[in-house]
Amino acid sequence: MPHKSVKSFASFAIAIPLYRIFDYAIKDPQLVRVGTRYRLPFGPGSRTGVLLATHNSASVQPDRVKAAGECLDDSPVLSEHLIALATWMSDYYLQPVGEVLFQCLPRYLRKARREKPVRVKYWQASTIEPALREAIKKRSPRQHQILLAIEQSDCGLNALQLKNVNLNWHGLVRTLEDKKAVSWNWSKPQTSTTPLESLPELNREQAEVFSQMESRFGRFSVHLLDGITGSGKTEVYFRLIQNQLNQHRQVIYLVPEIGLTSQLVERVRRRFGERFAISHSALTERQQYEAWERFRQGEVSIMLGTRSSLFSQSARLGLIIIDEEHDASYKQEDGIRYHARDVAIKRAQMLDIPILIGSATPSLESLNNCEREHYYWYRLSQRPTRYAPPGIQLIDSRNTKLEYGCSPYLLQRIDHHLGQNSQVLLYLNRRGFAPVVMCHECGWQAVCRHCDSRLTLHQSLNRLLCHHCGFAQPVPSKCGDCDNTGIRHYGIGTEQLEQGMKKHFPDFPVLRIDRDSITSRDDFARQMETLRQGEPCLLIGTQMIAKGHDYPAITMSAILDADQALFSASYRASERLVQTAFQVSGRSGRGDQVGEAYLQTDFPDHPLMQALANQDYRKIADTITRERKMLGFPPYARVAMFRADALSLQQATDKLDEIKHCLVDSTTRHQVKCIGPIPALMTRRIGRYRAQLCLLSPDMRKLRSVLRESMPEIELVKSTQKVKWVIDVDAFDL
Ligand code: ADP
Ligand code: ZN
Ligand code: ZN
C-alpha cells in the first residue's frame, strides 16, 4: 500500500466579495509563513491569496481540498499585525476579509507578481567647472534647479525624489548626464539623524503642547492638536517626528493630498533630508510599491502619504500623524469603505503607540471625543508670525453687477492688494468654464445622459463634461428641444474666473490650480515658483488650494459662490462650509503683513453666514453640534447605510427591501431606526439608479447587535452585477 502522507492545510484570504476564507492543502507546513502570497487554483482559473494560518484539518472534505500553487514571496508582505488590523476592519466595517487584506497591500502586490527586489538608482553630482555651471544656469534654469537639488541632497536623489523637483526630470537629468554634471549609482543613501535645517525656537504654546504630548507618548493615546491656521502645528509634528527618529522608530504621516503643489514635501525634505518616502495615487503602482518597500526595509523612517499609506508595513512604528483630520478624503467611498482616521486609531491601539491628529477645523466627531475625554486635547491659539488669521468679512453680492463672478467691491480689494505687491487667493470650488448651459428660449438644459447632473462647459476643450462620470460631448450649436440657436451659459467656474482675472489685471500673473490646469505641468511649476518667490499674483483654485499651503505673501483670500452649501440636502454641508471658510481665510496674513479674508454671498443675513463673520470655529462647531444632537445625527448617532444600485430604481429598492426584511425583527427589538429604502440624493449616476437604506442609533452597541444578528441572513441576499448592494458603516452622508 502506498504511503499516504498526512495532509496539512492552510486558510487563505482571496480578494473576492465573499465573507469567508478558503482552505487549501499545502506541502511543507513548517516552511510556510503567514502573510505570504500564493497562487491558488480557483474556479476555472487562479487567484492570489494570502496565507492566514495553517492547521491539520480542513473545513471541507479533505479530498475535495485543492493544493495551493506557488508561493510568490520570500518574506511575508503582510505582518501578523496588519492581518489582525484587516480582520478587525472586516468585522467592524462588515467588508469581505479577503478584499480588506488586499486593500492593505500596495497595488503592485495585489496582482500575482513575484516581489521584485527594489533597486533604486541614485543620481549624484560630479565636481563641475564653474564655467559649465554658469552655462547651465544661464541656458536652462530647469536643469540648474535639478542640479542644485541633487547637490543639496545628502547622497543623491532617486527618480521619485527627482520627480518632485521637476516632473520632466528624466530629460533634464539625461542632459546633465551628457554634460557630465551628474552620474548615477545603485546605492542606498546613508541616513544621518541630525536635522538638516536649523530649528525655529518653539513659542510658549508650542513648547507646552510638545512637552505635554511627549510625556504622554509612552503608550496608546489619541492626541488632537486643535490649532488655528498657521499656528505652527506642522512644526510640532516635525519635533515629534524627530524624537521618534532619534529612538530609531518609524512614523506614518498622513495628509489629505500630496499634489504637485505640495510645499509640505519640500519642508519635510529640508528638515529630514531623504529619510522619507512619499506615496499617493498620482504615482505609478511600481513607485508606490517602491516607497512601501523602502519604508518596510527601514531604508527611510517616514512615510508621507495619503489615505492608503496608513497600511504601510513597519516593524518599529512609533507614531502615526494625521494632518487635517477633518478632511473628507480620509473616508474611502468606494471599494472597501473605511475611515482612515478611525482605522489609524485602531492600529495605534493594537500597537500600543500614540497617534496625533491635527486640524484648524477639527471634525465634530473628534471634538466630541475630546469633550468626552477620549482624546487628549491641545490648543494653539496664536500664530508665531506677526498677525492673527483675519476675520471673515462678508461681501453682499445682491443687487450688484458681477463681473466674472466678482462684485465691484471684491475687484477693488483685489486691486488694492496686488497694488501693495501682495498675493491674492480666490477660492471657487467649481472647475470648468460655466456650470449651466441652457436655451434661453425654452429653458432646455444640457444634462448628462448617464447621471442626474448638468454638464459643465469646458471652453478650452470646447466640450461639455459631466463631472460625475466623465461623459463628454461637443458644445451644441443649437437647443436640444426647440432648435433655437441661442444657447447660453450661466454661472462661473475657475476657467472663466481665470480668463476674467487675466483680462482685468493684465499686469499680474494669474495662476490656476484645479484638476484641469495640471495638464501643462511645466507651466504650472513655473507659476508655483512665482508664488514661492512672493511676487504679486492671483491664485485661483478649487479645494486643492484650501489647505496645506503656507505662502507668506498672500494677504487676501476670498471665497466665491459658497451659497450652494446653504441649500445642500446633505447634513454635513454646513460643517464643510465652515471648515472651508476657516481654512481658506487662514491662507492669508501668514507673513509680516496683516491679512484680509472675504466671503461673497447673496445671503449675508443667513445665520450661518452671520456666524462665519462674527464667531470663531469652536463656537460655530458648538452650534452645529447642538443641531446635530437635536436631530439625532452623528456624532450623536452611529450610522450604517446599505446602498444598492441597478439599471432601474425599482430593482434597487426591491433589493433593499429584501435586506430590510432580514433586519426588521432585530431593529425593532433593539430600537434601532431603519429609514428607507429611499432614492439616493443623486439617484442616477453613471447610468445606474441608486437607493439607500439607513440604520441609525445613538448607541453603537445596539447598531452592532442588529448587524451581527442579521448579517448572516443579509449575506445571502445576492449582490450581482445587475443589482449591486454594499454596506457603509459610519457612512458620511445620510
Ligand atoms: P500650521 O501647520 O499650524 O498651519 P505651520 O507649522 O505651517 O502652521 O507654521 C506656519 C508658519 O510659521 C510657517 O512658516 C512656519 O515655518 C512658521 N513657524 C512655525 N513655528 C514657528 C516658531 N516657533 N517660530 C517661528 N516661526 C514658526
Ligand atoms: Zn430651446
Ligand atoms: Zn454623467
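The values are calculated or read from the model by the stated rules, or taken from the named source; none is laboratory data. Bear in mind that the values here come from a model prediction, so they are computed numbers and not experimental data. Note that each Cβ is placed from the backbone with ideal geometry, even for glycine, and that neighbours are counted across all protein chains shown. Just the protein is used for accessible areas: all its heavy atoms, side chains included, with ligands, DNA and RNA removed. Shrake-Rupley method; radii C 1.70, N 1.55, O 1.52, S 1.80 Å.
Of everything listed in (1) modelled with pLDDT of 90 or more; (2) open to solvent by less than 10 Å² (accessible area, probe 1.4 Å); (3) closer than 30 Å to THR530 by Cβ, the single unmet condition for GLY273 is (1).
Cβ-Cβ distances below 9 Å connect the following pairs, each with a first residue in segment 622-634 that is free of Cβ contacts under 8 Å to residues at least 60 places away in the same chain, a second residue that is outside any helix (DSSP H, G or I) and surrounded by 14 or more Cβ atoms within 10 Å (Cβ to Cβ), and a separation of six or more residues or different chains: THR623/GLN615; GLU627/TYR571; GLU627/PHE633; LYS629/PRO635; LYS629/TYR636; MET630/TYR636. Going by the conditions given, is LEU410 at negative phi, at pLDDT 95 or above, open to solvent by less than 70 Å² (accessible area, probe 1.4 Å) and not in a strand (DSSP E or B)? Judged against the criteria, LEU410 is a match.
Looking at segment 423-433, is at least one residue over 30 Å from THR229 (Cβ atoms), touching a Leu at 6+ places or on another chain (Cβ under 8 Å), touching a residue at least 12 places away in the same chain (Cβ under 8 Å) and in a loop (DSSP other than H, G, I, E, B)? Yes, there is a match, as at least one residue in segment 423-433 is over 30 Å from THR229 (Cβ atoms), touching a Leu at 6+ places or on another chain (Cβ under 8 Å), touching a residue at least 12 places away in the same chain (Cβ under 8 Å) and in a loop (DSSP other than H, G, I, E, B).
Residue pairs whose Cβ atoms lie under 9 Å apart, separated by 6 or more positions or on different chains, with the first residue in segment 200-225 and part of a helix (DSSP H, G or I) and the second loosely packed, with under 13 Cβ neighbours inside 10 Å, are GLU205/SER381; ALA207/GLU201. Segment 660-734 holds strands (runs of 3 or more DSSP E) entirely within its bounds, and those carrying 1 or more residues that are open to solvent by less than 30 Å² (accessible area, probe 1.4 Å) and farther than 27 Å from SER568 by Cα map to 723-729. The requirement of being out of contact with any Phe, Trp or Tyr (no Cβ under 8 Å at 6 or more places or on another chain) and either more than 16 Å from ligand 1 (Cβ to nearest atom) or open to solvent by 80 Å² or more (accessible area, probe 1.4 Å) (or both) is satisfied by ASP507.
Of all residues in segment 389-414, those that are under 20 Å from ILE540 (Cβ atoms) have Cβ atoms under 8 Å from Cβ atoms of residues that are of a type in the set (Val, Ile, Thr) and in a strand (DSSP E or B), 6 or more apart or on another chain, in ILE395/THR601; SER397/THR601; SER407/ILE395; TYR409/ILE395; LEU410/ILE395; ILE414/VAL424.
One residue stands out in segment 480-519 among those that are more than 23 Å from the chain's Cα centre (by Cα) and more than 22 Å from CYS406 (Cβ to Cβ): the one that is nearest to ligand 3 (Cβ to nearest atom), namely GLY480. Filtered by the rule that a residue be crowded, with 19+ Cβ neighbours inside 10 Å and among the small types (Gly, Ala, Ser), segment 148-159 gives ALA149, SER153, GLY156.
Let's see how each residue does on (1) surrounded by 22 or more Cβ atoms within 10 Å (Cβ to Cβ); (2) within 30 Å of ILE714 (Cα to Cα):
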{"residue": "VAL100", "(1), (2)": "yes, yes"}
{"residue": "LYS138", "(1), (2)": "no, no"}
{"residue": "ILE146", "(1), (2)": "yes, no"}
{"residue": "GLN161", "(1), (2)": "yes, no"}
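Answer yes or no as to whether ARG37 is open to solvent by 60 Å² or more (accessible area, probe 1.4 Å) and among the basic types (Lys, Arg). Judged against the criteria, ARG37 is not a match. Looking at segment 587-623 only, could you name the residues that are assigned to a helix (DSSP H, G or I), open to solvent by 10 Å² or more (accessible area, probe 1.4 Å) and not charged (D, E, K, R)? Of everything in segment 587-623, those that are assigned to a helix (DSSP H, G or I), open to solvent by 10 Å² or more (accessible area, probe 1.4 Å) and not charged (D, E, K, R) turn out to be PRO607, LEU608, GLN610, ALA611, ALA613, ASN614, TYR617, THR623. Checking each residue in segment 54-75 for being open to solvent by less than 30 Å² (accessible area, probe 1.4 Å) and either basic (Lys, Arg) or closer than 23 Å to LEU109 by Cα (or both) picks out ALA68, LEU72, ASP73.
Screening PHE22, PHE102, PHE12, PHE42 for residues that are of a type in the set (Phe, Trp, Tyr) and in contact with a Gly (Cβ under 6 Å, 6 or more places away or on another chain) leaves exactly one candidate, PHE12.
Among the residues of segment 276-287, those identified as among the small types (Gly, Ala, Ser) and surrounded by fewer than 22 Cβ atoms within 10 Å (Cβ to Cβ) are SER281, ALA282.
Of everything in segment 450-490 that's free of Cβ contacts under 8 Å to residues at least 40 places away in the same chain and of a type in the set (Gly, Ala, Ser), which residue is farthest from ligand 2 (Cβ to nearest atom)? Among those residues, the one meeting the criterion is GLY470. For segment 434-458, the tally of residues that are away from ligand 3 (no atom under 16 Å from the Cβ), open to solvent by 10 Å² or more (accessible area, probe 1.4 Å) and not in a loop (DSSP other than H, G, I, E, B) stands at 1.
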